[in-house]
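Enquirer: Encoded as structure tokens, here's the structure I'll be asking about.
The values are calculated or read from the model by the stated rules, or taken from the named source; none is laboratory data. These figures come from a predicted structure and were not determined experimentally. Here Cβ is always computed from backbone atoms with ideal geometry, including for glycine, and neighbour counts include all displayed protein chains. Note: areas computed on protein heavy atoms with side chains; ligands, DNA, RNA excluded. Shrake-Rupley method; radii C 1.70, N 1.55, O 1.52, S 1.80 Å.
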Amino acid sequence: MRKFNIRKVLDGLTAGSASASQQQPPPAQPQHPSGNREPEIQETLQSEHFQLCKTVRHGFPYQPSALAFDPVQKILAVGTQTGALRLFGRPGVECYCQHDSGAAVIQLQFLINEGALVSALADDTLHLWNLRQKRPAILHSLKFCRERVTFCHLPFQSKWLYVGTERGNIHIVNVESFTLSGYVIMWNKAIELSSKSHPGPVVHISDNPMDEGKLLIGFESGTVALWDLKSKKADYRYTYDEAIHSVAWHHEGKQFICSHSDGTLTIWNVRSPAKPVQTITPHGKQLKDGKKPEPCKPILKVEFKTTRSGEPFIILSGGLSYDTVGRRPCLTVMHGKSTAVLEMDYSIVDFLTLCETPYPNDFQEPYAVVVLLEKDLVLIDLAQNGYPIFENPYPLSIHESPVTCCEYFADCPVDLIPALYSVGARQKRQGYSKKEWPISGGNWGLGAQSYPEIIITGHADGSVKFWDASAITLQVLYKLKTSKVFEKSRNKDDRPSTDIVDEDPYAIQIISWCPESRMLCIAGVSAHVIIYRFSKQEVITEVIPMLEVRLLYEINDMETPESEQPPPLSTPVGGSNPIPPQSHPSTSSSSSDGLRDNVPCLKVKNSPLKQSPGYQTELVIQLVWVGGEPPQQITSLAVNSSYGLVVFGNCNGIAMVDYLQKTVLLNLGTIELYGSNDPYRREPRSPRKSRQPSGAGLCDITEGTVIPEDRCKSPTSGSSSPHNSDDEQKMNNFIEKVKTKSRKFSKMVASDIAKMSRKLSLPTDLKPDLDVKDNSFSRSRSSSVTSIDKESREAISALHFCETYTRKADSAPCPCLWVGTTLGTVLVIALNLPPGGEQRLLQPVIVSPSGTILRLKGAILRMAFLDATGCLIPPAYEPWKEHNVPEEKDEKEKLKKRRPVSVSPSSSQEISENQYAVICSEKQAKVITLPSQNCAYKQNITETSFVLRGDIVTLSNSICLACFCANGHIMTFSLPSLRPLLDVYYLPLTNMRIARTFCFTNNGQALYLVSPTEIQRLTYSQETCENLQEMLGELFTPVETPEAPNRGFFKGLFGGGAQSLDREELFGESSSGKASRSLAQHIPGPGGIEGVKGAASGVVGELARARLALDERGQKLSDLEERTAAMLSSADSFSKHAHEMMLKYKDKKWYQF
């Protein structure tokens, strides 16, 4: 996870608001290359290849507030508190829309089987959405000006929408024209003298299932009125002394049920308004002596559903007794004499019962309940015993634990997704309903993209999830729990060493993954790194391999160890002292003055670990406490399967580990990487600790220096460094004692500041109560640990393994590591790898700084390499192969297998051919020719803001640099010449979540976490934007509306059965007149006839096209009529003017004009 400096984030925000007001700034001009050479490489990417647009949004709708279901189309709609609308059909058919106002959605109503939806918002607007197009659009809006909307009801197959308000009145809207009828039900008429006070807002409206002319109106105070629409008066009024939350009808229209704020349900006979037939307190304790049961929590919603063959279902949410403190929210299903209480993981927002029929006057036959929770969507099967839940096929579990980082890989090897799916299939839970998922509407789009895409998310609980993201869908493939290798602390006394973070000690910060070799490496918040191999075989690891590394920062005395003991003589490498590899966690816990020392933050399990097929632990590396200071969090990470190396860095320094030999190869403070070339004046405030004399140390190696081989050998070579003498150690220990006392006070201050900064450096979602400004402090936690200035805490910010030229004089490329720092420096470390086969496991890897130093403005973010033709040189990798196979087979292949061929084209190049290094920092990008190290091209990306993410990606068989800035701009540049190709203001950095999760990948794809629960995908490719319409699924499909229930002979003869009502006659303008203009304002939506055009595709195409043609023809005819009339009137006025002029000038001579 990248860290952010508060000043930079604030600059980014102000720059974002400035650029939003001034439109986007002109792109920075590329500087002339130093040699004024014209680009020799033909660049194919042009500005017209780029276009930015959102594609799809995945995940659970954040802060849901409303729910609706179309029982014929089988589509579910969810509205949110931020005005978003999510529509779900069959698995793979999803859609996201947004109300421009951003007001909360309070209610949704489908026009059943019409391909339309009405949304009611908290800002008192109603919107009609057209769902017959792939991207739904608003056809009409109506804004209420004088009253607040509280409840809406649209009867099945009616075009008149009842709208209840806070004042207790009911208005009627024609959903075709979205205009108000003159018919209004006033609250005082509805209740008349039944109550002395105002009955409160309308909380319920529904028509009697058997008589559409009778409207049941529920007021919050507890009054219910049955209104006769024809006679415009109330037939009955029902009063109860507890507030009403919801009302539901029995399908025969003779009874209804109300839920109340004291946890009771009252069942009323329509014709007996005096008192309820029955009062039930589902969760109340029945008291003796016939007293009323104790009051319970409010029943927020009740549904009353009937079945032909048995007892009706009464389903309700809430209503638990007050003494059930800490009990989880519940849905209660009452069926006959049985009552089932279903506990939910989160609070219930709303629920709906799914029934076989859309007709309210027929037996309902409920088969499932959709429960919308605060952070989940649950479907309960009512037809099976025990009410099991359906397995949810939508990708709604992204936020199961808060997402702390993510990576996106497009165009992966084709065998990866099946491999991950096969190991992930074993992780599925059992006990789900056997039935098909009931939300099955819509049709899939035609996926034009055929390449595999994978998204990896890292989470706060240490889990890593792999998702199949191919063809704009999302499906979880496999979940890895990285915390399995650590001991869980059972109580608080047991967790002194995890206090680098107060909670979530396993949270993932950085993911490094090689898709070809399937090697995975993660860095966690407790300064731990775990390397994983992929295997299809189950193994039991007797002892988890682990290393502990002591990375310390030498310049400032506050950070140095207090140890009175000399460090171990057998230091594997010069520089800071790594602890020798050990198979069990170290127990040395403190130095002489009681400060914690040489202890990792987490304790690795020392019992055998069963590892299922999938990702299996290869090695655990932990940074340890140094003299009472916790290890600093890791800021960069890279793994290379071809070299068998992993490297990571933080604000103290860099460490490289050979994961095949399980040894530490390199452990250096950042300053020591520079050697004598350090461009910054950093004066130590204390004498150096006991270690090798600097003469032989890595810090003084320059390009021409001969490196003593033993200095850089891995510990397996067996020779310890011979440079430390006893006298030197004694001398240094004496100096340490002298210094110890004077440092104690400063150390106390430092540790206090460190504790503060640790609280601030957690990801946003892990500390929800911190605002953006607080979180932005975490950009440079290193600088907050001590009071030293920024220069002295230079962190490692980018790492890249490659096969290239390390020095100017090099005649051939060789394996090396490029290191970028937060001060804009790039350093190169040469790698000398032993030959393949068994030798690779026996001989040491030799690591030596090359002396090459390059400089850019701002922290280094990304590095990549191009060959002489401008093609990307990927890092070398070893193709994946199953390593858990018997040794005999393995032996023969070992010789062939080891020392893999680098995939870089450089190995076949002529010596004269050069490469290009592409380096992107927070401020600029440079292209440097190798081996000459001349700057060929340079582009200042931003002056006022800074780049949050830069990626070198492939697009249309070419490559480019894609950047996302803190001021909200997305830019792309050609390579190698860094010509600006795209610069679009997209979104400002409003929170650290976007900064932490934004990533670009190949083929013009990008994503970020738009909310704690949702991933937003976007494309910057013109081709994908053009194909998007085809790829999106269709929500609306032509379906026959089921037949109405049969009335039966006797009911028809004696007037029983459902009574229909001519609403047009009642509510139309002719009978009810016009509504007051000041009451509501009609706003035409953008999705008019253009929106319908989008619907004219697929199965419904011909019908829609015919209807569209008729509409357009009608529209054109009326336009023509209007134009003809306009032409007639203009001709008429012209003739009038001409006649007047003639009269005026008739008798004048020409010279009088």
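Table: residues versus (1) assigned to a loop (DSSP other than H, G, I, E, B); (2) surrounded by fewer than 21 Cβ atoms within 10 Å (Cβ to Cβ); (3) free of Cβ contacts under 8 Å to residues at least 40 places away in the same chain; (4) not aromatic (F, W, Y).
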position	(1), (2), (3), (4)
N385	yes, yes, yes, yes
R426	no, yes, no, yes
R429	yes, yes, yes, yes
E436	yes, yes, yes, yes
I439	yes, no, no, yes
L477	no, no, no, yes
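Enquirer: Which residue out of D70, D124 is in contact with a Phe, Trp or Tyr (Cβ under 6 Å, 6 or more places away or on another chain), at pLDDT 95 or above, more than 29 Å from G445 (Cα to Cα) and open to solvent by less than 20 Å² (accessible area, probe 1.4 Å)?
Expert: None of the others qualify; the one that does is D124.
Listed here are the residues, each with its yes/no results for (1) more than 29 Å from D350 (Cβ to Cβ); (2) among the β-branched types (V, I, T); (3) free of Cβ contacts under 8 Å to residues at least 40 places away in the same chain; (4) open to solvent by 20 Å² or more (accessible area, probe 1.4 Å).
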| residue | (1), (2), (3), (4) |
| --- | --- |
| C258 | no, no, no, no |
| S261 | no, no, yes, yes |
| T266 | no, yes, yes, no |
| R271 | yes, no, yes, yes |
| T279 | no, yes, yes, yes |
| G284 | no, no, yes, no |
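Enquirer: On to the next question. Among the residues of segment 538-549, is any of a type in the set (S, T, N, Q), in a loop (DSSP other than H, G, I, E, B) and either over 32 Å from the mean Cα position of the chain (by Cα) or modelled with pLDDT under 95 (or both)?
Expert: There is no residue in segment 538-549 that is of a type in the set (S, T, N, Q), in a loop (DSSP other than H, G, I, E, B) and either over 32 Å from the mean Cα position of the chain (by Cα) or modelled with pLDDT under 95 (or both).
Enquirer: Residues that are farther than 28 Å from Q364 by Cβ: which strands (runs of 3 or more DSSP E) entirely in segment 36-109 hold 3 or more of them?
Expert: So the answer is 50-59, 94-98.
Enquirer: Do you know which of the residues in segment 823-850 that are out of contact with any Leu (no Cβ under 9 Å at 6 or more places or on another chain) and within 30 Å of R793 (Cα to Cα) is most open to solvent (accessible area, probe 1.4 Å)?
Expert: Looking at the filtered set, the residue picked out is N832.
Enquirer: Just to be sure I understand the filter: pairs with C-beta atoms under 8 Å, separated by 6 or more residues or on different chains, first member in segment 169-183 and without any contact (Cβ under 8 Å) to a residue 24 or more places away in the chain, second member in a loop (DSSP other than H, G, I, E, B). Which pairs pass?
Expert: E176/K159
This table checks each residue for (1) crowded, with 19+ Cβ neighbours inside 10 Å; (2) part of a loop (DSSP other than H, G, I, E, B); (3) more than 25 Å from the chain's Cα centre (by Cα); (4) touching a residue at least 40 places away in the same chain (Cβ under 8 Å).
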| site | (1), (2), (3), (4) |
| --- | --- |
| D350 | yes, no, no, yes |
| Y367 | no, no, yes, yes |
| Y394 | yes, yes, no, yes |
| H399 | yes, yes, no, yes |
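Enquirer: Failed condition for Y1008, given (1) out of contact with any helix residue (DSSP H, G or I) (no Cβ under 9 Å at 6 or more places or on another chain); (2) open to solvent by less than 10 Å² (accessible area, probe 1.4 Å), with all others met?
Expert: In the conditions (1) out of contact with any helix residue (DSSP H, G or I) (no Cβ under 9 Å at 6 or more places or on another chain); (2) open to solvent by less than 10 Å² (accessible area, probe 1.4 Å), Y1008 misses (1) alone.
Enquirer: Right, here's the next one. Failed condition for L660, given (1) closer than 22 Å to W513 by Cβ; (2) assigned to a loop (DSSP other than H, G, I, E, B); (3) open to solvent by 10 Å² or more (accessible area, probe 1.4 Å); (4) out of contact with any Gly (no Cβ under 8 Å at 6 or more places or on another chain), with all others met?
Expert: Tallying (1) closer than 22 Å to W513 by Cβ; (2) assigned to a loop (DSSP other than H, G, I, E, B); (3) open to solvent by 10 Å² or more (accessible area, probe 1.4 Å); (4) out of contact with any Gly (no Cβ under 8 Å at 6 or more places or on another chain), L660 fails exactly one: (4).
Enquirer: Taking the conditions exactly as written (at pLDDT below 95 and either assigned to a strand (DSSP E or B) or crowded, with 24+ Cβ neighbours inside 10 Å (or both)), does G594 satisfy them or not?
Expert: For G594, the condition - at pLDDT below 95 and either assigned to a strand (DSSP E or B) or crowded, with 24+ Cβ neighbours inside 10 Å (or both) - is not met.
Enquirer: Could you pull out every one of the helices (runs of 4 or more DSSP H) wholly within segment 1002-1085 that has 2 or more residues that are farther than 20 Å from G92 by Cα and modelled with pLDDT of 75 or more?
Expert: 1022-1031, 1063-1067
Enquirer: From the list D345, D323, exactly one residue is under 40 Å from the mean Cα position of the chain (by Cα), open to solvent by 20 Å² or more (accessible area, probe 1.4 Å) and without any contact (Cβ under 8 Å) to a residue 12 or more places away in the chain. Which is it?
Expert: Going through D345, D323 in turn, just one is under 40 Å from the mean Cα position of the chain (by Cα), open to solvent by 20 Å² or more (accessible area, probe 1.4 Å) and without any contact (Cβ under 8 Å) to a residue 12 or more places away in the chain: D323.
Enquirer: For residues that are in contact (Cβ under 8 Å) with a residue 60 or more places away in the chain and in a loop (DSSP other than H, G, I, E, B), scanning just segment 408-424, find the one that is most open to solvent (accessible area, probe 1.4 Å).
Expert: D411
Enquirer: Assuming R148 fulfils every condition listed in (1) closer than 30 Å to E252 by Cβ; (2) touching a strand residue (DSSP E or B) at 6+ places or on another chain (Cβ under 9 Å); (3) open to solvent by 20 Å² or more (accessible area, probe 1.4 Å) apart from one, which condition is it?
Expert: If we test R148 against (1) closer than 30 Å to E252 by Cβ; (2) touching a strand residue (DSSP E or B) at 6+ places or on another chain (Cβ under 9 Å); (3) open to solvent by 20 Å² or more (accessible area, probe 1.4 Å), just (1) comes out false.
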